Amino acid sequence: MTRIIGIDPGTAITGYSIIDSQKGKITLVDYGCIRTQKGLSQGIRLNQIAQDITTLIKKYKPDQASIEKLFFKNNVTTAMTVSEARGVIMQKLAEEGINPEEFTPLQIKTAVCGYGKADKKMVQEMVKIITGLEKTPQPDDAADAIAAAICLANSLPLLQKKNEQ
């Protein structure tokens, strides 16, 4: 069994999920969001994200991590602050001995929906079906984090083969 933490990075809201993957079967253990308070300095928000990620790692002891790569077309300011949150998260994972796999939104959507241009609603519906949830996971950030973890779970056999070479 492999335990995976999936992360959808953000400064205001960072989605997270914990799944167990064993022989192609995915079990959702937990999911949710780390929320930081608007109006706080970026440094304080990043520190809170770092502390909460560390708490999740210590609580669930994931073997692997999946984090969404950033892709912004228009808003450079948002891209910068989210990049800072992503950097803090990656550092905390590394500090705990976890080397995160990074996936683009296209890769995640393809792994979960079979279609790289799937919209948010389609991704959420497939996450619900794959994990056996009765309701669509909310908010979007949590559903995206679950999708990132599923993407890694589906990629594990290929990644293990690649690492053996």
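The values are calculated or read from the model by the stated rules, or taken from the named source; none is laboratory data. Keep in mind it's a predicted model, so treat the numbers as computed, not measured. Because the Cβ atoms are built from the backbone with ideal geometry, glycine has one as well, and the counts that use them run over all protein chains shown.
If you take the residues in region 22-44 that are aliphatic (A, V, I, L, M) and surrounded by fewer than 24 Cβ atoms within 10 Å (Cβ to Cβ), which one is farthest from L93 (Cα to Cα)? For region 22-44, the residue satisfying everything is L40. So, F103, is that one out of contact with any Pro (no Cβ under 9 Å at 6 or more places or on another chain), of a type in the set (F, W, Y) and either more than 30 Å from G39 (Cα to Cα) or modelled with pLDDT under 95 (or both) or not? Yes; evaluated as a whole, the condition is true for this residue.
May I ask you to list pairs of residues, at least six apart or on different chains, whose Cβ atoms are under 9 Å apart, with the first in region 130-149 being at pLDDT below 95 and surrounded by fewer than 24 Cβ atoms within 10 Å (Cβ to Cβ) and the second being among the polar types (S, T, N, Q) and part of a loop (DSSP other than H, G, I, E, B)? If the second residue must be among the polar types (S, T, N, Q) and part of a loop (DSSP other than H, G, I, E, B), no pairs are left. Just a yes or no: is a residue in region 110-127 of a type outside the set (S, T, N, Q), closer than 24 Å to I57 by Cβ and either exposed (fewer than 13 other Cβ atoms within 10 Å of the Cβ) or free of Cβ contacts under 8 Å to residues at least 24 places away in the same chain (or both)? Scanning region 110-127, I find at least one residue that is of a type outside the set (S, T, N, Q), closer than 24 Å to I57 by Cβ and either exposed (fewer than 13 other Cβ atoms within 10 Å of the Cβ) or free of Cβ contacts under 8 Å to residues at least 24 places away in the same chain (or both), so the answer is yes. Summed over region 82-125, residues that are in a loop (DSSP other than H, G, I, E, B) and closer than 17 Å to L156 by Cβ total 3. One residue is enough: does region 34-43 have a residue meeting the conditions among the charged types (D, E, K, R), under 14 Å from the mean Cα position of the chain (by Cα) and at pLDDT 95 or above? Looking through region 34-43, none of the residues is among the charged types (D, E, K, R), under 14 Å from the mean Cα position of the chain (by Cα) and at pLDDT 95 or above. For beta carbons closer than 7 Å, sequence separation of 6+ or different chains, a first residue in region 1-21 that is surrounded by 24 or more Cβ atoms within 10 Å (Cβ to Cβ) and a second that is among the basic types (K, R), the qualifying pairs are P9/R86.
One residue alone among L158, L152 is surrounded by fewer than 19 Cβ atoms within 10 Å (Cβ to Cβ) and in a helix (DSSP H, G or I), and that residue is L158.
Scanning region 61-84 for residues that are modelled with pLDDT of 95 or more and closer than 13 Å to P9 by Cα yields A65, S66, I67.
When you scan region 70-90, do you find a residue that is surrounded by 14 or more Cβ atoms within 10 Å (Cβ to Cβ), more than 18 Å from R3 (Cβ to Cβ), acidic (D, E) and out of contact with any Lys or Arg (no Cβ under 8 Å at 6 or more places or on another chain), even just one? Yes - at least one qualifying residue is present in region 70-90. Considering region 89-133, the residues that are among the hydroxyl-bearing types (S, T, Y) and within 16 Å of the chain's Cα centre (by Cα) include one that is farthest from I53 (Cα to Cα), namely T110.
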